[in-house]
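Presented below is the structure to which this report refers.
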Amino acid sequence: MQNHHRKSSSFVSTGIPIVGGAIVALSLLWAFWPMISFSFTSPNPNNFKTGVDSATPGGLSGPGGSGRSGGQGFNFNLTHDPPESTFYDDPNLTYTIEKPITNWDQKRREWLWLHPSFIPGLETRVLLVTGSQSTPCQNPIGDHLLLRFFKNKVDYCRIHGYDIFYNNVLLHPEMFTYWAKIPAVRAAMLAHPEAEWIWWVDSDAAFTDMDFKLPLHRYKNYNFVVHGWPELIYKKKSWTSLNAGVFLIRNSQWALDFMDVWAGMGPQTPNYEKWGELLRKTCKDKFFPESDDQTGLVYLLLKEKEKWGNKIYVEDGYYFEGYWMEIVGRLENITEKYNGVEKRVSKLRRRHAEKVRGAYVTTWEEYLKGAGYGREGWRRPFMTHFTGCQPCSGTHNEEYSRQGCWDAMQKVLNFGDNQVLRNYGFVHPSLGDSGSVVPLPFDYPA
Ligand SMILES: *[C@@H]1O[C@H](CO)[C@@H](O)[C@H](O)[C@H]1NC(C)=O
Ligand SMILES: *[C@@H]1O[C@H](CO)[C@@H](O)[C@H](O)[C@H]1NC(C)=O
Ligand SMILES: *[C@@H]1O[C@H](CO)[C@@H](O)[C@H](O)[C@H]1NC(C)=O
């Protein structure tokens with residue numbers, strides 16, 4: 001549980017908190033407006049179109065449902081951008097973090113009214129954002145590992161119909177490493193008004209359950225979701241009481257305001273050093289002097305709980321991201337368990353197109369009821385995070401060996417890859433062997 005060591009991510013800055021009661025009213029409106037006048041044409045085989053986007057049904061994936069959430073599920077009109085002016089035409093609006101943006105919910109809503117093909121399915125539309133440095137990795141196999149981590153995310157996103165953006169340049173020159181994510185997330189919000197959620201995922205985190213879907217219904221009343229443990233946050237005040245390397249943030253004015261405050265602790269501000277001291281005073285187990293985004297987040301939960309806390313969901317119900325040391329040794333046994341279920345249940349073994357994986361997920365759920373969500377259970381952990389091992393720089397926490405980190409990464413990536421390759425008819429016979437696969441016999445693993 002409390003094994004969350006430091007990891008690299010990124011963030012941003014400017015620093016002017018803006019809040020207001022008006023947001024509540026706005027968000028109420030917001031909750032209803034998408035339903036107002038867009039009847040969702042049901043898929044009709046005679047309307048079937050080929051071309052830029054095909055008419056795939058789905059998308060209104062309800063609570064935890066298995067439908068597609070957005071990216072590819074609708075007839076988006078990708079050539080429609082009417083001349084009416086929107087926030088894009090405002091010369092005062094900047095993508096950079098120096099200048100706060102106001103009235104964003106309204107601006108985003110106006111854009112959507114002008115681009116109505118993006119309205120159906122809006123609430124569950126997710127854009128995954130990740131990235132890495134702009135220069136080659138120091139670790140000789142670092143770029144290769146990053147490629148594999150990226151492939152893993154692309155696989156997950158393709159399967160779930162999510163868009164993905166990989167950024168590999170600092171959008172604010174002084175906001176390096178774990179601070180770099182804030183400017184990237186902000187820019188992503190402006191670039192993707194059609195996305196309700198931006199999902200930051202560090203480069204060294206991998207999906208280890210390709211079927212698990214974010215339970216977005218649980219976050220309906222929240223704007224920010226992070227993996228953590230409330231008792232460690234509020235009682236122990238530990239800087240590892242949550243992990244800031246993976247988070248979901250709602251594309252909203254709240255988010256922009258929150259990121260301005262959060263970024264206000266970053267290296268681009270004159271207060272960086274002071275924040276470093278203050279964060280160490282607040283979280284006694286923080287062992288390095290620099291202000292960092294993760295401790296900053298713990299600080300905001302502790303000190304500005306009334307202001308932000310009611311919109312922040314601290315998820316500890318499943319591996320929203322999980323500590324690799326807690327996971328990697330269990331992967332073989334988990335594979336056995338899943339294979340055992342498939343041996344018994346022929347409908348789960350049926351070969352199928354990748355696009356209709358979702359149909360099998362629902363069936364799987366019946367057999368995963370007793371599998372738990374944590375380290376005691378045998379459900380595949382949703383996401384495995386290499387906290388303390390840095391694939392690109394090659395540095396790692398003293399507790400682990402370099403080889404231990406690389407071997408674990410191969411295993412975790414192959415574990416995820418096997419779930420994908422399955423649809424293509426192949427499997428890595430050993431999690432430790434990245435280079436070879438065998439074809440799967442018909443009706444495997446009967
Ligand atoms: C998409 O937008 C273009 C430009 O506004 C329009 O001509 C076209 O009819 C639209 N396509 C659909 C399917 O609505
Ligand atoms: C941009 O900001 C300037 C200075 O604050 C203001 O005078 C101008 O009206 C603004 N322009 C727009 C399009 O909002
Ligand atoms: C894996 O399963 C075997 C056999 O059931 C068990 O002895 C072993 O402790 C398990 N390993 C782990 C890491 O859970």
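Before moving on, here are some points about what is shown:
- With 25 Å as the limit on Cα-Cα distance, the pairs of 181/274; 99/236; 153/303; 274/311; 151/311 that go past it are 99/236; 153/303; 274/311; 151/311.
- Global geometry of region 272-342, whether rounded, prolate or oblate, following the gyration tensor of its Cα atoms and the 1.5 cut on a/c: oblate
- Other-chain or far-sequence residues with amide H under 5 Å of residue 163's (modelled H): 71, 126, 128
- Each residue of region 431-446 is assigned a 3J(HN,Hα), and the resulting list reads 5, x, 10, 6, x, 10, 9, 10, x, 8, x, 4, 6, 4, x, 4 Hz, derived from the Karplus form 6.51 cos²θ - 1.76 cosθ + 1.60 (θ = phi - 60°), x at Gly and Pro.
- Within region 324-439, the ratio Rg/Rh, alpha carbon atoms throughout and Rh by Kirkwood, equals 1.00.
- Couplings for region 78-83, taken from phi via the Karplus curve 6.51 cos²θ - 1.76 cosθ + 1.60 with θ = phi - 60°, read 8, 10, 9, 9, x, x Hz in order; Gly and Pro are left as x.
- Backbone HN-Hα couplings from phi across region 239-254 [Karplus 6.51/-1.76/1.60, Hz, Gly and Pro as x]: 6, 9, 6, 8, 10, 8, x, 9, 8, 10, 9, 6, 5, 7, 4, 3
- Rounded if a/c under 1.5, otherwise prolate or oblate - region 80-181, Cα gyration tensor axes: oblate
- Space enclosed by the convex hull of the alpha-carbon atoms of region 236-325, per residue, Å³: 118
- Straight-line cross-link reach from residue 307 at under 20 Å between alpha-carbon atoms covers these aspartates and glutamates, not counting any fewer than eight positions away in the same chain: 105, 231, 257, 260, 293, 315.
Read-outs: derived from the displayed coordinates by stated rules, not from any lab. Since the model is a prediction, treat every value here as computed from it, not as a measurement.
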